[in-house]
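The values are calculated or read from the model by the stated rules, or taken from the named source; none is laboratory data. This structure is a prediction, so every number in the text was calculated from the model and none was measured. FYI the Cβ positions are ideal-geometry reconstructions off the backbone, even for glycines, and counts take in every protein chain you see. Accessible surface areas use protein heavy atoms only, side chains included; no ligands, DNA or RNA. Shrake-Rupley method; radii C 1.70, N 1.55, O 1.52, S 1.80 Å.
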Amino acid sequence: MTYKRLTLPLFLIQEQRRLGGTGVFTALMTDLCTTCKTISNEVNRGAMAGTMGYAGSRNVQGEDQKELDVLANDIFLYMTDQGGNWAGMVSEELEDVHVSVESDGRYLLLFDPLDGSSNIDVNIAVGSIFSILRLPEGMTPSKEAAFLQPGVRQVAAGYTLYGSSTMMVFTSGHGVNGFTLDHNIGVFVLTHPNIRIPDVGSEYAINSSRRRFWDEPTRRYVDECAEGKTGPRGRDFSMRWVGSMAAEVHRILLKGGTFLYPTDSENIAKGGKLRLLYEANPMAFVVEQAGGMATNGRQRIMEIEPKRLHERTGVILGSKSEVERVSQYYQQCDAEPPAVAV
Ligand code: P6P
């Protein structure tokens with residue numbers, strides 16, 4: 001009976017018919033499906049593939065690139081260029097826009113090919129994160145301006161998590177669905193239909209080693225969670241930190257909770273840690289479509305007007321009631337008169 005499952009190709013065709021699509025979106029997602037299956041194969045071969053370790057190069061972020069960062073980026077570029085469905089791309093691993101030659105595509109792809117890749121060598125889950133925009137009328141994909149669109153303009157977004165299983169989770173604005181890769185037949189199968197984030201979660205994810213840099217709202221929220229039953233929350237929480245955003249977001253989609261990487265006194269000069277266009281925006285779209293909330297503390301992530309391709313932002317996302325609480329703390333903090341130096 002295992003053959004009676006809804007595969008991703010069938011799901012896309014059904015959605016195309018249901019929504020009266022032309023088949024272009026199906027082609028876009030098929031490109032991404034092939035890309036992520038290929039990356040999954042490379043990641044899952046681990047040390048046997050000889051692609052562990054550092055590539056000896058740095059990306060535009062100034063981060064040391066892992067062998068698999070470079071390989072995953074190359075796979076994204078090759079698989080999507082071949083389809084001719086894309087006008088251009090922006091990657092965390094590339095400083096400038098990549099224009100798809102000989103393409104009549106009208107869509108833009110923005111991606112982090114292998115997020116959390118510092119975990120690769122120690123066999124912890126990593127992910128690919130992607131965002132799809134339309135090429136604005138009259139704009140050329142060779143120019144940054146075409147990509148500088150707020151997250152509310154995303155056509156679709158999602159991630160593929162290379163963990164104990166490989167899962168692709170995405171939204172096209174009609175809810176969130178999760179597909180697990182059946183390696184035996186090489187196809188993604190619908191295993192998590194219509195994902196909804198539980199509104200009450202008991203896990204918060206933050207890099208607590210940065211506590212000395214945090215602003216007051218972040219410190220208040222985390223301290224109250226840590227105080228558990230003995231504090232104002234009246235219940236206990238657990239802290240999680242995987243170092244891989246896709247893994248954190250996936251856990252939150254299924255169990256509820258919060259993920260916080262706020263701007264802080266150390267990263268504020270760069271605008272934060274996480275990149276707006278290909279990390280924060282796609283994850284915000286997925287989280288909101290699953291009934292959650294995503295903010296930088298003071299503004300809805302998807303309403304931020306981007307100014308630069310690799311712009312960074314603070315990110316607080318997850319269960320709506322929890323993220324609303326953090327937002328309230330920011331509002332209260334901003335409403336307080338500045339401390340008068342004595
Ligand atoms: P830190 C990975 O580099 C990443 O962009 C996210 O996937 C992850 O949540 C975060 O940075 C980890 O940051 O400061 O713990 O290394």
Residue list for the range 2-26, filter: of a type in the set (A, V, I, L, M, F, W, C) and touching a His at 6+ places or on another chain (Cβ under 8 Å): 19
Scope the range 77-126; condition within 14 Å of the ligand (Cβ to nearest atom), at pLDDT 90 or above and open to solvent by 60 Å² or more (accessible area, probe 1.4 Å); matching residues: 122, 124
Unmet criterion (only one of (1) open to solvent by 40 Å² or more (accessible area, probe 1.4 Å); (2) modelled with pLDDT under 95; (3) more than 16 Å from the ligand (Cβ to nearest atom)) for residue 134: (2)
Residues that are surrounded by fewer than 24 Cβ atoms within 10 Å (Cβ to Cβ) and either over 18 Å from residue 109 (Cα atoms) or out of contact with any helix residue (DSSP H, G or I) (no Cβ under 8 Å at 6 or more places or on another chain) (or both), drawn from the range 298-310: 298, 299, 300, 303, 304, 305, 307
Pairs where the first residue, in the range 234-249, is on the phi > 0 side of the Ramachandran plot and open to solvent by 30 Å² or more (accessible area, probe 1.4 Å) and the second is more than 7 Å from the ligand (Cβ to nearest atom) and in a loop (DSSP other than H, G, I, E, B), C-beta under 8 Å, 6+ apart: 243/124
Among (1) within 20 Å of the chain's Cα centre (by Cα); (2) more than 14 Å from the ligand (Cβ to nearest atom); (3) crowded, with 17+ Cβ neighbours inside 10 Å, the one test that residue 252 misses: (2)
